[in-house]
Each structure stands twice: as structure tokens, then as C-alpha cells.
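> Once you've had a glance at the structure underneath, I'll fire off some questions.
Just so it is clear, none of the values below were taken in a lab; they were calculated from the coordinates. These numbers come from a predicted model, not from an experiment. Cβ atoms come from the backbone with ideal geometry, glycine included; neighbour counts cover every protein chain shown.
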Amino acid sequence: MRPISRAVLRPYVCPTCRHGISAGRRRFGSKSDSPDLYDVVCVGGGPAGLGLLAALRASPITSKLKVALIESQDLRKAKAWDLEPNQFSNRVSSLTPSTVSFLRSIGAYDHLDVNRVQDYQDMQVWDGQTGSRISFDWSMETSPFEDMRTVATMTENANLVRALLRRIADLGDENLSLFSNATVASIENGSDLKPEGPDLSAWPVLTVKPTGPAAETETPKRIAARLLVGADGINSPVRSFADIPTQGWDYGRHGVVATLALDEPATPPFPASKRTAYQRFLPALGGPIALLPLPDNHATLVWSTTPENAAYLKSLPTPAFLAMVNAAFRLDMTDLTYMMGMQSSSSDSTSHQDELTWRAQHTPLPSQIPPAATAVQAGTVASFPLRFRHAAQYISPRIALVGDAAHVIHPLAGQGLNLGLADVASLSKTIQYAVSHGMDIGDLLTLERYSSERYLPNAKIGGACDLLHKMYNVPGEGPVALARSLGLGVVDRLPFVKSFLMKNAEGY
Amino acid sequence: MASLRPRALPLSVRTLRSALSSTRPSPNHFLSAPASTQTRAHSTSSVSADELSHFSALASSWWDPMGHSRILHLMNPLRHEFIASCLAEGTSSPSQNPSSTSTPSTATLNYLDVGCGGGIFAESLARTIPLDPTGPAPTPTLAASMTAIDPSTDLIQMAREHARMDPTVHEHLRTGRFKYLNTTLEDVLAGNAVTLTPASSSTAASTPNPSSPSTQPAPQYDVVTLFEVLEHIDPKTSTPLSFLTNCLRALKPGGWLIGSTISRTLPSFILNQVIAEAPWPIGVVPRGTHEWSKFVNPGEVKGWLQEGLMRAADTGVSRGGSAIAEGMRWKCVGAIYIPGIGWKMVPGSEDWGNYFWAVRKEI
């Protein structure tokens, strides 16, 4: 039998008063049942998560939304991040011009420390096996009267994160909750707050727990999300809550990174402000080595190679490590394979350098090699595993995945962060459209605009990087090597094809 | 983790039934016949009984984004854009002056959505009503309140259930800025509909409205919307002309009557009857949704509205009827659905199928 409704039993109270009473009772009586309601809850405070927050806060259409961000690291430390002018973090990314224009449009680019970022206008890419090369040089495309076009802009991730945090702070803290030093303890569906409250049974409700010293004293918070955004990386908890599977594989390769100081270039660049990025494919060693410019003759190294080689490189004393890096841009595959196996000992730290000097005398050097690396910044040699992942979907009711939670790709084209920020640009535009058209921002009909805009481009670029990785992992002078050199040679000689490729790489 | 997944379609038939049984019957239901679905379709209404049962049967999938109504859901943002383009030309509210665009407008317009169905448009507009009525309007539709009516009990019940799943919309339902009424336009005009609001039914404090049909209440609405309704009018009990006249009567002077419908031409027959209602995977709307013979052409709508404006003006406004018809502000633009891309407004495509139209009641 249906219970007698409360409305019948209650004596008459005018509607306005009743509203006040019931609101008060809900807050007091059923505290555990009714979570705080947010429009957007973003899990993860990396460049993608913070970029989304800054984009939403910067747009007049979405600035009124109630938003929250949950990050396990200390965001105050990230905001106060600072390094000596000549020191550079080893976590560096290249921003394509379209990413830069997105960052400008949300007002974050001006908060970057410009003395720590470096544009480059030329890119030299060649095959260590066959010697065939392609140069991405915008100075041929532009007239002498205009500024040289930028291929990409190098920035430390910490500089970018700090810029985004400063921009978010700039935009005020109304309707904004930053849960720093906090983790998501659980995500579950809400409940139907009958009869007075709304039905939250399709809303994700997160329990946010503080970490560190505050964990003892502060009680966990429960927050409900109209739209829950997973910007929480490759092992995304939001993605597993949404039960979205991923496809992918591990490359069995590691990326060795380091911050290097370079020699003065043998011939000064022309024009003087022109900087060049270098990448040489090393089929015999498992992947390309890249040297990307940082300010003041510094460079960041990304060397994709097998885990054994990566471990060997990390174990070398500094002079031997530098000799290996310089050798990798100069010597042929046989010499490199030999040097990768040389016994190293701290007493005999010049053996690699001697080997390089002797072998380089007998190797014809191409013209495009980078200046020699002269020093490694202490503590910057590190490595990370290379993986490919692509989520089966980016969206689910009241859920959207961005950045690494949705896709992880091979870093050889430096596109990972750019794809993540392109996701964020698209999702923030989708949310703006939804708000201005009365749509529910967590509804599938809203979110499908985002996923249809981003899924194919991400799959295309991730697939292209995967294909390049596989093509340049076939050692020897076989048909694949021939096809590679033919392909690169043809592209390099056809200006319009090349310019098309360069524009694609830029993200236009 | 599978059990934690958000339900894609939280509204099952069972919850619908329980929602029906838990609502306290309104006085009108006691007075009327026991068959709940058909009660509101009495002889004075423009609503066809066949149409009513067809759409009530579709209720369970109304809000499924991949279901029968997907094409309507996709069209919804265009409705907002079309309304915004009309309001940019002027509104019935004196405070909304189009020339003073420098200051953000406050939301002052009262909407009436006739034939709201499951509430696809009504709920989306209610979402744009600001929680703080004095704050700036978040969208150019400037909604301050929304009253949505439909003769189908099932659909109104389902619309209310669905609205509870959005706390913002739910709050507007509680405060009465957003209302779903299971009634007809004729009853709204006669002033009989107010007793049906959920707020008054729960307090049981409402007294029967003593207004007699002879006294016309002052028009209350700044915008009356009529989306995909004209083509579902029952020719046996009503005519589009009398129906549109009633819509105009609900409008304040300077207000807009805005709608969309489908034209009765050869291309629209092929698109809407042959292709759109074809079996899966070609078709996008359920078979029997449309009757081509009921479709109306832009010229017909325009003619009825001219006539309707004159008839509506008979009750009290001093200006002559023909002057009103001549100075009628009329807008019309076609809309085309392109699979894979979505709905697009295409001026000049009014005769191909779907089109939006609007008319402003002169001040």
C-alpha cells in the first residue's frame, strides 16, 4: 500500500515559506545523502585538466558554472615553481602554433615565463640507416619581410602548469573549488533524493579525500558532477568508473630524457634568431634520438630506445653519456651498436669519447648535425616507458575523457600534449555551445559533439606516429629502408606536399 | 565496476507507473472520465485522439538520445537560435530594448510551450532560467518562466520525472518558475489550468477558479512556442486557424508566436514519409509519426496567422484588423537534416520539408 504522502499530513504553509523550511531540513537532516552539486568536476590537475578549467573560467558563457578540480599533488607548490635561469626541467613539451593560439585565447600564454620558452623555425629529420632526410624549414616558405614561421614552441611542463594556475587565480575563485593534495577515494552513482530533492541516480558522486597531514583531521567531501571530466592520465580512475575499455600496446621502448648544454654552433644561424630541432632515426637501436632547443644554447634530449639501451645509457658516467649522444647524431649504425655495448667504468671515463673521436674521422658527416653536447644538467637523466593507448570511447553519460586518459601516443612527433590541449579546446567549446543552447552539459547529446570532433584526429595522429615508429624500427638495407628513403626524398623535393605535411604537423 | 555505470536510460516503464501512482490526483481528474490518457482530449480541444495514443506509446524512449526522438533532440539547439533571432528584433517587455545591448539583459520573458510532449524543448529552455531572477540572463532567450502544456498525461508525467534528474530544472519546478501542466491550450485561455500545478495540488489549498468563459483573462505570455505541433492537429475537431488564433490570444502585445512544422510538398513527402519513416537503418522516426496530408505549407501558416491576428485583435484592441494583418512581422526559414552533420538552417528551403516560422503580435 502506498504510504500517505507527507503533503497531506503537513498543515498548510505558503509555498515560499515551505521552500525555506525544506531547504533547511535537507541541509541539516540528510547531510550524508545530498552531496555538493557541481557543474564540472575535473579529476587531474595536469596541463589538460588545468587547461580545461582555465578555458571554462575565461569564457563569459561558462564562467558562471560551478567547477571543481581534484589533484593529488600540491598545486600551491606547482604555482610557486621556480628554477635558476640556466636550469631547465627535463619534462619539456613542444607546443604547436595552434596550441599556442588556444593558450593565448584563454589568456594563459601571457603567464608563461617567456625567458624559459624557445621557438624553433627549422626541423632537421633524417634516417641514420640510409641518410635520406627531410628538412622542415619555414624560412623557405615565408618572405624575408615577415617573421619566420614557428614550427613549434618548447616549454617546460612546469612553466605551462604554473601559467595555467596563475591564469585561473587571475579569474577569481567564485564558484571554483580546487581540491589540492586530494585523491578520489570512490566514484559511485548518486541516489534519488525523494520526495523533495532531485533524482541524482544518474549523477556520478565522488568522495574526495585529503592526503598527507590533513588526512587525519579533515573529513572526506562528497561532490556530485553534472559532468565528470577524466584528465587523470593513462590509468584513469574516471575511465574505469565509466567502464570504458582501452586498446593499445607497450612499445617495449623507453624514452631517455636529459637537459643538455650545447656548444656554440660552428656557423652562426641565419637569421640570427633561427633555431633548429634535430631528430635522427636509429633503426638499429630501436627508435629516434631528438634534440630540441631550449633558450641560451640548451637543449632537451628525447632518445627512444630499448629498455636495455636506456638502462645502459643511464648507468654511464656523464662524459660517456655525452659521447653517446653526440655519437648517435654522427656515427653509422654499426659503430653505434658497438659503442652501446662498450664496458664502462668510472676510472676510464674517456673511452667512449676516444672511440667517438676516432670513428668520426672515418665517417662522412652530414651537414645538418647539431652542435656537440658539452654538459648534462645534474639530475636530469631519466627515462619513461613508451606506450600506445586509445580509449574505445571518450564519452559516457555525464563523463568525458581528455588527454592521456583518452589517448597515449608515441612521442616521436611531440604531439601528445598538443592532442590533449586540442581535446580541451574542443570540450570547452562544446560546453559553451551547450550552455548557450539550454543543453545539459553532461548529456550524451552534448558530449557527442566533443567526441565526434576529436576521436578521428587523435586516432589519425596516433596511428601516424605508430606507423613511423614501426617503419623506422626495421634495421638493415632491406626494402623498408629503401621505401623510407624514397618516401622522404620525394616529400623533401615536392614543396607543396612538404608544406602540407608541415602545416599538418603544426596542427592547422 | 559494471554496476556503478550511470544508467543510459534511467526512466523505465516501471518508474513511470510508480510516478503516476504516487502523484495525488488533481481535482480535474475526479471530475473527468476514468481513462486518464484521453481525459484531456475533450471536444473543445485541438488534439487528435489517435495522435495522443501514438505519442503516449513512444513515452518510454522519448529521452533516449539514441532512441526514436533523437532527430528532435538534435533539432533543439536550432529552436533556441531561431528564438534568439526573433527576440533580437524586439520583445513585448519594455525593459528589453534591443538598442541597449551594452548592458546585460535580465531574464524577463514568460514562455508558454504548447504541445511540449516529453519536454525536450521546455526543459532545455527552463535550464536557461537564472536561479537568481535579478541576475543577468545567461542566454539571449531571456526566459524568466516557462509553462509547458500537453494533453497526454503519460508524457507530462514523464516530462516531470525527467526534469527531476536535473537539480536546476527541479529547483525551477519547485519554485514554480517552470510548470508542466496536463491541459490544453483552450483550458489555459479559459483560466482553468492553474489548478493543475503541482505546488497547488500538494498544498490542497487551491480553490476552483470561478472565472466564467465569457471573461477573457489578460494575455500573460511574451513568447508562445509551437514546435512540431501544427502538423498533428485533428482536422475533425479543430482547425489550424482556430488553434493559431488561440495561441495569439495568449500573447502579450509585442510578443512572439514561434513554431516549426513541415511543408506538404513532393520533396517533403519523399524525405519525411518515404525516407524518414523507412525501416531501420534508413529511417530516423517511428512509422506513423507523421501524416503527410496534415502537413502545412509556409503560405498557409502565414495566411492563417494574418486571419488569426485579426480575430485575436477583436477582443479589446482598438486598431483595425486589416491594418494588423498588413503590418504583420513574419519570419520563416527552412531547416534541413544532413546525416552525419546535423540540422542546418537553410534560407529558401522552406518548401523542402522542415521550417521555422514566427510572427510578432503588434504592440
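> Extension gain A:Arg76-A:Asn297, at 0.36 nm per residue separation less the Cα-Cα distance, in nm?
Numbers: separation 221, 0.36 × 221 = 79.56 nm, distance 3.08 nm.
76.5 nm is the gain from fully extending A:Arg76 to A:Asn297.
> When only alpha-carbon atoms count, how far does segment A:434-482 stretch along each of its three principal axes, as whole angstroms with the largest first?
Per principal axis, max minus min of the Cα coordinates gives 61, 13, 11 Å.
> What is the diffusion coefficient of segment A:82-141 in µm²/s, taking the Kirkwood radius over Cα pairs and the Stokes-Einstein relation at 37 °C with a viscosity of 0.692 mPa s? Before the final figure, lay out each step's value.
Numbers: Rh = 14.5 Å.
It comes out at roughly 227 µm²/s.
> Right, here's the next one. Rounded to the nearest 500, what is the 222 nm mean residue ellipticity of chain A from helices alone, with -39500 (n - 2.57) per DSSP H run of 4+ residues and division by all residues?
-11000 deg cm²/dmol
> Same structure, new question: Starting from the Cα of B:Lys331, draw a straight line to each of the aspartates and glutamates and keep only those under 19 Å, dropping any in the same chain fewer than 8 residues away.
B:Glu81, B:Glu89, B:Asp113, B:Asp222, B:Glu228, B:Glu231, B:Glu300, B:Glu307, B:Glu350, B:Asp351, B:Glu362
> Considering the Cα positions of segment A:284-379, please state its Rg to one decimal place and its Dmax as a whole number of Å.
12.9, 35
> To continue, here is another question. Which whole number gives the average, over all residues in A:427-439, of C-beta atoms from other chains lying within 10 Å of the residue C-beta?
Values: counts 0, 0, 0, 0, 0, 0, 1, 3, 4, 9, 13, 18, 8.
Other-chain Cβ atoms within 10 Å of each residue's Cβ, averaged: 4.
> Hey, rough spin-label estimate for B:Ile270 and B:Thr237, points 7 angstrom out along Cα→Cβ, what's it come to in nanometres?
Here the modelled spin labels are 3.7 nm apart.
> How long is segment A:185-341 along each principal axis, judged by its Cα atoms, biggest number first, in Å?
Its Cα atoms span 78, 37, 32 Å along the three principal axes.
> Based on a Kirkwood Rh over C-alpha pairs, give the Stokes-Einstein translational diffusion coefficient of segment A:275-327 at 4 °C and viscosity 1.567 mPa s in µm²/s. Before the final figure, lay out the partial values.
Details: Rh = 11.8 Å.
Translational diffusion coefficient: 109 µm²/s.
> Expressed in nm to one decimal, what extension gain is obtained for the pair A:Ala185 and A:Lys470 from 0.36 nm per residue of sequence separation less their Cα-Cα distance? Numbers along the way, then the final one.
Numbers: separation 285, 0.36 × 285 = 102.60 nm, distance 3.96 nm.
Additional length available on full extension: 98.6 nm.
> Which entries of B:Lys179/B:Lys294; A:Lys66/A:Lys209; A:Lys64/A:Lys429; A:Lys77/A:Lys460 show an alpha-carbon separation above 26 angstrom in the structure shown?
Values: B:Lys179/B:Lys294 29 Å; A:Lys66/A:Lys209 20 Å; A:Lys64/A:Lys429 15 Å; A:Lys77/A:Lys460 37 Å.
Listed pairs above 26 Å: B:Lys179/B:Lys294; A:Lys77/A:Lys460.
> Testing the spin-label approximation: label points 7 Å from Cα along Cα→Cβ at A:Gln87 and A:Ile234. State their distance in nm.
Taking the simple label geometry, A:Gln87 and A:Ile234 are separated by 2.7 nm.
> Between helix A:47-58 and chain A, what is the angle of the helix's C-alpha long axis to the longest principal axis, kept within 0 to 90° and rounded to the nearest 10?
Roughly 50 degrees, rounded to the nearest 10.
> Taking each pair of distinct Cα atoms in chain A once, what is the resulting Kirkwood hydrodynamic radius in Å? Don't skip to the end; give the middle numbers.
Values: mean 1/r = 0.0397 Å⁻¹.
Hydrodynamic radius (Kirkwood, Cα pairs) of chain A is 25.2 Å.
> Over all pairs of distinct alpha carbons, what does the Kirkwood formula give as the hydrodynamic radius of segment A:79-208, in Å?
Roughly 19.2 Å, rounded to one decimal.
> Next question. Based only on Cα atoms, what Rg/Rh ratio does segment A:38-98 have, Rh being taken as Kirkwood's radius? Could the numbers behind the result be given before it?
On the way: Rg = 14.4 Å, Rh = 13.8 Å.
In segment A:38-98, Rg relative to Rh is 1.05.
> To continue, here is another question. Given a Förster radius of 51 Å and the C-beta distance between B:Glu300 and A:Lys194 as r, what FRET efficiency does 1/(1 + (r/R0)^6) yield to the nearest 0.05?
On the way: r = 47 Å, r/R0 = 0.92.
For B:Glu300 and A:Lys194, the calculated efficiency is 0.60.
> Another question, then. May I ask you to order A:389-398, A:272-281 by the average number of other C-beta atoms within 10 Å around their residues, highest value first? Can you show the working numbers first?
Numbers: A:389-398: 21.2, A:272-281: 19.1.
Result, highest mean first: A:389-398, A:272-281.
> A:Gln361 to A:Trp249: FRET efficiency via 1/(1 + (r/R0)^6), r the Cβ-Cβ distance, R0 45 Å, to the nearest 0.05?
0.60
> So, one more: I'd like to know how segment A:383-474 sits against the 2.2 N^0.38 Å rule of thumb: what's its Cα Rg over that expected value? Show your work: numbers first, answer last.
Numbers: Rg = 14.8 Å, N = 92, 2.2 N^0.38 = 12.3 Å.
My calculation over the Cα atoms of segment A:383-474 gives 1.21.
> At a temperature of 4 °C and a viscosity of 1.567 mPa s, determine how fast segment B:67-184 diffuses translationally according to Stokes-Einstein, using the Kirkwood radius over alpha-carbon pairs as Rh; express D in µm²/s, rounded to the nearest whole number. Don't skip to the answer; put the middle values down first.
Values: Rh = 14.8 Å.
Here the translational diffusion coefficient equals 88 µm²/s.
> Using 1/(1 + (r/R0)^6) with R0 = 45 angstrom and r between the beta carbons of B:Ala49 and B:Arg70, what's the FRET efficiency to the nearest 0.05?
Working: r = 26 Å, r/R0 = 0.59.
The calculated FRET efficiency here is 0.95.
> Helix A:318-328 versus the longest principal axis of chain A: what angle, 0 to 90°, nearest 10, using Cα atoms?
Helix A:318-328 and the main axis of chain A meet at about 80 degrees.
> Compute the angle between helix A:351-361 and the longest alpha-carbon principal axis of chain A, please, reported from 0 to 90 degrees and rounded to the nearest 10.
It works out to around 60 degrees.
> Using a 7 Å offset from the Cα along the Cα-to-Cβ direction at both A:Gln343 and B:Glu89, what is the distance between the two label points in nm, to one decimal?
In this crude spin-label approximation the distance works out to 9.1 nm.
> log10 I(q)/I(0), Debye, Cα-only segment A:347-401, no solvent, q = 0.28 Å⁻¹?
Scattering profile of segment A:347-401, log10 relative to I(0): -1.15.
> Mean projection of the alpha-carbon convex hull of segment A:144-196 over all orientations, in nm²? Intermediate results must be reported in sequence, preceding the final value.
Numbers: hull surface 35.8 nm².
Averaged projected area of segment A:144-196's Cα convex hull equals 8.9 nm².
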